[in-house]
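Read through the structure below, which is laid out as structure tokens, and then see the notes.
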Amino acid sequence: MKTKFKQSMCFAVVMSTLGLGLTGCGGLPSDALNIELLEEDTSNWWSGDQLTTVIRVRSTAAEDISIQNVEINNGGCRYGGRHNQSTQFPIRLSMGQFVRLELKNCDYQDVIQVDVETDKGFGSYKF
């Protein structure tokens, strides 16, 4: 499973062993969310081997946060929940809780930017 983690840091260059990216924010505290880009093994006996690209938005804030909307690649990547269920916003998260979004028309390597609108502000995360 591949994983990339990015936390929003206002106009700072983030360097780690996972890569180099420029991340900005718009009022959202830098420690409020953790965005993960994953490839999950969703193989099963009837459909065989398969990988599913997933975005996981996890709250790391001490106070509850309400996710109003998530946009991937400026709306170019569609997503849903497990078993093709639609994701209904807003979603309220406490510290440690997350929302899992399965990408429908984008692969792992296609994801460049994830924009998250919350009740605490806006955050943009680049991979």
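Gly76 meets each of the listed conditions (1) in contact with a Ser or Thr (Cβ under 7 Å, 6 or more places away or on another chain); (2) surrounded by fewer than 17 Cβ atoms within 10 Å (Cβ to Cβ); (3) in contact (Cβ under 8 Å) with a residue 12 or more places away in the chain apart from (1). From the list Glu36, Glu40, the one residue that fits, being in a strand (DSSP E or B), at pLDDT below 90 and within 22 Å of Gly96 (Cα to Cα), is Glu40. Restricting attention to segment 70-91, does a residue exist that is more than 21 Å from Leu28 (Cβ to Cβ) and acidic (Asp, Glu)? Checked against the condition, which is being more than 21 Å from Leu28 (Cβ to Cβ) and acidic (Asp, Glu), segment 70-91 yields no hits at all. Residues of segment 54-67 that are of a type outside the set (A, V, I, L, M) and surrounded by 14 or more Cβ atoms within 10 Å (Cβ to Cβ): Arg56, Arg58, Ser59, Thr60, Ser66. Just one of the listed residues (Glu71, Glu102, Glu63) is at pLDDT 90 or above, within 13 Å of Tyr125 (Cα to Cα) and of a type in the set (Asp, Glu), namely Glu71.
Of all residue pairs spaced 6 or more apart or on separate chains, those with beta-carbon atoms under 6 Å, a first member in segment 97-118 that is of a type in the set (A, V, I, L, M) and a second member that is surrounded by fewer than 19 Cβ atoms within 10 Å (Cβ to Cβ) and not in a loop (DSSP other than H, G, I, E, B) are Val99/Ile91; Ile112/Asn73.
The values are calculated or read from the model by the stated rules, or taken from the named source; none is laboratory data. Just so it is clear, the model here is predicted, and its values are computed rather than measured. When we count neighbours, we look across all protein chains shown, and the Cβ atoms used for this are built from the backbone with ideal geometry, even at glycine.
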